[in-house]
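Data block below; observations after.
The values are calculated or read from the model by the stated rules, or taken from the named source; none is laboratory data. If you're wondering where the values come from, they're calculated on a predicted model, not measured in any experiment. Cβ: placed from backbone, ideal geometry, glycine included. Neighbour counts: every protein chain shown. Heads up: the accessible areas ignore ligands, DNA and RNA and are worked out on the full protein's heavy atoms, side chains in. Shrake-Rupley method; radii C 1.70, N 1.55, O 1.52, S 1.80 Å.
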Amino acid sequence: MLEIASWSWCNFLSYGDYVSTVDLDSMNQCFITGVVENENGNNIPGKSNGAGKSSVIAALQWALFGRTSHNANPGDKVMNHYSKNDCWAKVVLTNGDSILRTRRQDGSSEVVYYHSGCEQSIVADTLSTLKAQQARLNQVFKLDWDVFSKSVFFSVFDKSWMQMQDQQRKKVLERLLKLDRFE
């Protein structure tokens, strides 16, 4: 099971050239709020769209899967172009394993992951995450986009279980519950 200790990101979507971190070990329940400021730096009352609330979850999704609920092939769209620097997100698991995904200004991407004390690096010069790159991460870390994105925590960003097609829902539930149709 994927046990996330923390995730960090920099130059990701609306976040600029500074490191933001969510450390689950030091948190209890939390509530994410956002404030939008005008050009003078004053808060605009009642405005929170565009403050970066959903980017917190999108950074986690992108680090793990190379995609977000809003964009299956984000490529350079995840980068904060105002910062003129590379974009990255990193997930650290409770056992010390980690995944670091970087999108560079030159259009290349790199995934570096640590698993069981070994470091692996995969580089791609493509618009989006290579399928082979993601397939390797899915295998090593037992990642499943449908199970992860359809969980209660993330259901606000994606279709709920009941909105999925019957066959797709059945397959996801089989993977989630580790059911084998032949047993």
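When the C-alpha to C-alpha distance is required to be over 32 Å, the pairs from 90/171; 84/171; 77/150 that qualify are 84/171.
I need the calculated FRET efficiency for the pair residue 138 and residue 76, taking r as the beta carbon distance and R₀ as 25 Å, to the nearest 0.05. FRET efficiency, residue 138 to residue 76: 0.60.
Rolling a 1.4 Å probe over the protein heavy atoms leaves residue 166 with an accessible area of roughly 110 Å².
Extension gain for residue 85-residue 18 works out to 23.1 nm (0.36 nm per residue, less the C-alpha to C-alpha distance). Straight-distance candidates among the aspartates and glutamates for linking to residue 170, with alpha-carbon spacing under 13 Å and chain neighbours fewer than 8 residues away dropped: 146, 180. In terms of packing, defined here as the mean over residues of other Cβ atoms within 10 angstrom, the peptides 2-9, 88-95, 140-147 line up highest first as 88-95, 2-9, 140-147.
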